[in-house]
């Protein structure tokens, strides 16, 4: 039994590591990722619309896109109450995920609104 | 969800109005044959409405950010031991579930806490 206890004690660290594997509710995790995706997509579209109205060209437009994405990241962090460990498994999810996914939508609506406002 | 949606629609309407104002401003510039450097913020002496366009853009952006954060839905907790993730009922296929397996040989956290006492 002593040997069993020793192996149990040394196994404590590895089993704690095993127990520390992300055991989370995957369905809620998916729901949270979907919320982030919708938010970022909508903000990309709105950001593109504003960039076209404002008359941004070339580099300024892309800088504006990253600014919009940074604002969205801050907003999502605030929405999660700054305690993201109860909603996500890592910081990268809420800060970096989907950062470049909205770039195409942004450029589409940017050129669209720029054409409408400034060219036609 | 309802009010967030209304705020989002309001933000888009304000942005559309800003776009329309900018179109009119550009038509004015074409008449006076000047260059377009930005939305009317440097023509403050002309109309107070022109400076209004930039304010409209920023205000519309704020409204749309608010709508983007509230409309898609709330964040749900992913921790298995939070109050809203309680398993209150087992699933129906109890005939296919067995509990007499090797998992009971693993030291659970309750056993470790008891042993450390």
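Just so you know, all these numbers are worked out from the coordinates, no wet-lab data involved. This structure is a prediction, so every number in the text was calculated from the model and none was measured. With ideal geometry, Cβ positions are generated from the backbone for all residues, glycine too; neighbour counts draw on all protein chains shown.
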Using a basic spin-label model with each label point 7 Å from the Cα along Cα→Cβ, how many nm lie between residue B:58 and residue B:27? 2.8
Going by how many other Cβ atoms sit within 10 Å of their own, how do B:54, A:35, A:74 line up, fewest first? A:74, B:54, A:35
Just counting partner chain Cβ atoms within 10 Å, what average do the residues of peptide B:56-69 show around their Cβ? 5
Please average, across the residues of B:3-12, the number of beta carbons from any other chain that are within 10 Å of each residue's own beta carbon, and give a whole number. 1
If the chain between residue A:70 and residue A:96 were fully extended at 0.36 nm per residue, the gain over the current Cα-Cα distance would be 8.4 nm
Given a Förster distance of 30 angstrom, what is the FRET efficiency for residue A:37 paired with residue B:93, based on the Cβ-Cβ distance and rounded to 0.05? 0.35
Partner shielding of B:80-86, taken as the mean number of other chain Cβ atoms within 10 Å, equals 2
Hey, fewest Cβ within 10 Å first, where do A:69, B:97, A:60, A:33 land in order? B:97, A:60, A:33, A:69
Would you mind ranking A:119, A:36 by Cβ crowding within 10 Å, fewest neighbours first? A:119, A:36
Would you mind classifying the stretch A:25-119 by shape? Square roots of the alpha carbon gyration tensor eigenvalues, ordered a ≥ b ≥ c; an a/c under 1.5 is rounded, otherwise it is prolate if a/b is larger than b/c and oblate if not. prolate
